[in-house]
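Notes follow once the structure below has been shown.
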Amino acid sequence: NTSAEGMAITVQLRGISYRGRVTRAVIEPRTGNRIAITLAVRDVNLVINRTNIWGEISATAGPLRIVLGHRADLPISFEVEPVIEDRRLRLKLHTTQFRLPRDNWSVGYPQWVNTSGGLFVTEDRVSSGLRNGFYSDPGRIEREVVAAVPSMLEQLEDRLTLEPIDRIITNLWPLPVYQP
């Protein structure tokens, strides 16, 4: 819920997807069985497939592209605690930090806009309003990036397995019994 030119409106973003490059990953141990991970990402394309606007005006728009980190790497930092659940390694998320510098992202215009319910509600005004709305509040984008970290961790957990570690210990352990 927000307002535009004094009118109360509701904006719904649907079908948000992202794709980008991880240019560097730094992993550091912390106290309390925690690990600090910093991912440097670049050229992240965030696509909002459809935007619905209703209230005193009515409009729909789609797809709108936002590019993050087009000039320099953007660090996403989070702290996790590795835990074993059902013989699988899980990463319990504790904190996440991400800030979006003003000069390292850009917002495009939606590819199409449909308007109804207002004489002065034009496609250009809706398009510019959406673009300016994102630029005026980078916190929205920061919150979306932070909200994506748990799903990134799930994908990482799916790739982690304890099996190779078991085999390495078996091959290196000098005694046939009492392996760690």
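Throughout, read-outs are computed from the coordinates displayed, never taken from laboratory work. Because the structure is predicted, anything quoted here is derived from the model rather than measured. For neighbour counting, all protein chains shown are included, and Cβ atoms are generated from backbone atoms with ideal geometry for every residue, glycine included.
Separation of region 1-30 and region 135-161, taken as the distance between their Cα centroids, equals 9 angstrom.
Placing unit charges on the Cβ atoms only, positive for Lys and Arg and negative for Asp and Glu, gives region 1-101 a dipole magnitude near 400 debye about its Cα centre.
Counting every alpha-carbon pair across region 90-130, the share separated by more than 17 Å comes to 59%.
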